[in-house]
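Worksheet for the structure shown next.
The values are calculated or read from the model by the stated rules, or taken from the named source; none is laboratory data. Computed from a predicted model, the values in this text were never measured in an experiment. No Cβ is skipped: glycine too gets one built from the backbone with ideal geometry, and neighbour counts run over all protein chains shown.
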Amino acid sequence: MTELYYYPSGEDWRVAMAMQLHDQMRRGVWNDDCEEIEGILLGYSPAENAWWRAHRHSLTSG
C-alpha cells in the first residue's frame, strides 16, 4: 500500500505521527486517544473531536 502525504513547510512532524497512528491501527491497537490525536493532526478543533467521539460511541452502543 502506498501512502501519499501533503503538508505545509515545517509541518512534517504531522506525517511522522500519522504514520505511527496508522501502524497502530493496522496492528489492531486503536482507542479514543488515537482517535483524538488523529483529529488534532487533521486540524479538527477540540469541540469537533468531542462531537465525533460522542457520535462514534452512539453508533457502537446500540
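Per-structure values
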| item | result |
| --- | --- |
| Condition check for Arg56: over 21 Å from Thr2 (Cα atoms) and either modelled with pLDDT of 95 or more or among the charged types (D, E, K, R) (or both) | yes |
| Only one of Asp23, Asp33 that is under 14 Å from the mean Cα position of the chain (by Cα), exposed (fewer than 10 other Cβ atoms within 10 Å of the Cβ) and on the phi < 0 side of the Ramachandran plot | Asp33 |
| Spans of helices (runs of 4 or more DSSP H) in the chain with at least 1 residues hydroxyl-bearing (Ser, Thr, Tyr) and free of Cβ contacts under 8 Å to residues at least 24 places away in the same chain | 46-60 |
| Selection from region 1-20 of residues that are surrounded by 14 or more Cβ atoms within 10 Å (Cβ to Cβ) and touching an Asp or Glu at 6+ places or on another chain (Cβ under 8 Å) | Ala18 |
